[in-house]
Amino acid sequence: MAASGRLQKELEIKSRKALAVAKDPLARLQAACLARGAQGIKGLSILFRIMDDDKNRKLSLEEFTKGVEEYGLSFSKNDIAELFRLFDTDHNGSIDYEEFLRRLRPSMNNFRLELVAKAFAKLDRNHDGQLTVEDLRGVYNVQKHPKYMNGEWSEDRVLRHFLDCFDYGKHKDGIVTREEFIDYYSGVSASIDNDMYFDLMMRNAWKL
């Protein structure tokens, strides 16, 4: 399931504290994103994809700057330029934003990655690498959802609402890819220090 309100709050508090003391520009950007909750990095990812007009998976300094600014992160022009230089490894004036986002994502050890992979595999019933409402039928039980119980929402709406938890802001397409699922849980993982607690959370949530 999506992270609980308590876990989200813990992540936001922990990330704000990290942001206050971080000096490294990448660490500051990571903390600034996670201060928005587990979907924070996903939100920045969506903005970058939207700005990639020619779909070449690369961003210019202008596009990169616009993305960071539109996301509302308080970074100076110098900070953004320093980040861009850090990732423009071949000095050709563009960065591969998928690689950038992979490095921005908080690392998870293999133990946690395997748990996330098991959860995704259980949900991805047709094995196409993405989750949709159809995948969730019969896997996610809507019977006890309060809005389903009172007749306000249909099963499809409950399932779509669940998928939206893994998306960010207004850019919600009802599809969660494997990468997006990992992005989300890497944010959740950043708020949990103990592997056994992460294991318990994932097994209880997904009946692994």
Flag if residue 93 is modelled with pLDDT of 75 or more and at positive phi: yes
Failed item, numbered, when residue 179 is tested on (1) within 24 Å of residue 129 (Cβ to Cβ); (2) of a type in the set (D, E, K, R); (3) at pLDDT 85 or above: (3)
Residue 27 closer than 30 Å to residue 200 by Cβ, part of a helix (DSSP H, G or I) and either open to solvent by 20 Å² or more (accessible area, probe 1.4 Å) or assigned by the TED database to the domain that holds residue 140 (or both): yes
Which numbered condition residue 157 fails, given (1) of a type outside the set (A, V, I, L, M); (2) at pLDDT below 85; (3) out of contact with any helix residue (DSSP H, G or I) (no Cβ under 6 Å at 6 or more places or on another chain): (2)
Qualifying residue in the range 199-206 (condition: over 19 Å from residue 36 (Cα atoms), in contact with an Asp or Glu (Cβ under 9 Å, 6 or more places away or on another chain) and open to solvent by 80 Å² or more (accessible area, probe 1.4 Å)): no
Check on residue 191, closer than 18 Å to residue 30 by Cβ, in contact (Cβ under 8 Å) with a residue 12 or more places away in the chain and surrounded by fewer than 15 Cβ atoms within 10 Å (Cβ to Cβ): no
Test: residue in the range 138-158 that is touching a residue at least 24 places away in the same chain (Cβ under 8 Å), open to solvent by 20 Å² or more (accessible area, probe 1.4 Å) and on the phi < 0 side of the Ramachandran plot: no
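The values are calculated or read from the model by the stated rules, or taken from the named source; none is laboratory data. The model shown is predicted, which means the values in this text are computed figures rather than measured ones. Note that we place each Cβ from the backbone using ideal geometry, even for glycine, and neighbour counts take in every protein chain shown. Quick note on the areas: whole protein, heavy atoms, side chains included, nothing else; ligands and nucleic acids left out. Shrake-Rupley method; radii C 1.70, N 1.55, O 1.52, S 1.80 Å.
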